[in-house]
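Comments concern the structure below.
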Amino acid sequence: MVDASATARTVESTEVRQAIVEAETSLHGGSYDEAAARLLKMRISGAQFSQKDAAAYRDALQEAYSRALDAASKGDPRGRAAVEMIRATRPR
């Protein structure tokens, strides 16, 4: 078994900011699923964030979730897909 801390990689602030900007662009275009996937990919990769970047990431993910919930409630399939993705990756 591989130690998770040994495989974790530290992400650069610019990488986090770029992912957030790309996710926001997707959100504004109605691509809720793409925004969620972009953000969740960083979490799944085992990336280690600085405290500042972690806060920005959490805010961006919360914004994606809120917008996706709103879109899903109006019947948007991309919103529904984003909500399902985000819920599936939440820690239990």
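The values are calculated or read from the model by the stated rules, or taken from the named source; none is laboratory data. Everything numeric in this text was worked out from a predicted model, so none of it was measured. Glycine gets a Cβ as well: all are built from the backbone with ideal geometry, and neighbour counts include every protein chain shown. When the accessible area is computed, the model is the full protein with side chains, heavy atoms only, and any ligands, DNA or RNA have been set aside. Shrake-Rupley method; radii C 1.70, N 1.55, O 1.52, S 1.80 Å.
Spacing of the modelled spin labels on LYS52 and ARG87, each 7 Å from Cα toward Cβ, amounts to 3.6 nm. Based on the Kirkwood radius over alpha-carbon pairs, what is the Stokes-Einstein translational diffusion coefficient of the chain at 25 °C with 0.890 mPa s viscosity, in µm²/s? Once the numbers are plugged in, D ends up at 182 µm²/s. Here's how it looks for ALA47: its modeled amide H is under 5 Å from those of ARG9, which are all 5 or more places away or on a different chain. A straight chain from SER13 to LYS74 at 0.36 nm per residue would run longer than the Cα-Cα distance by 18.5 nm. One chain, two ends: HIS28 and SER45. Fully extended at 0.36 nm per residue, the span grows by 3.6 nm beyond their Cα-Cα distance.
Phi angles of the range 18-27 translate, via the Karplus equation with coefficients 6.51, -1.76, 1.60 and θ = phi - 60°, into HN-Hα couplings of 5, 5, 5, 4, 5, 5, 5, 4, 5, 4 Hz per residue; Gly and Pro are given as x. Calculated accessible area for the chain comes out at 64 Å² per residue, all protein chains present (probe 1.4 Å; ligands, DNA, RNA ignored).
Within the accessible surface of the chain, defined with a 1.4 Å probe on protein heavy atoms only, the carbon and sulfur portion equals 51 percent.
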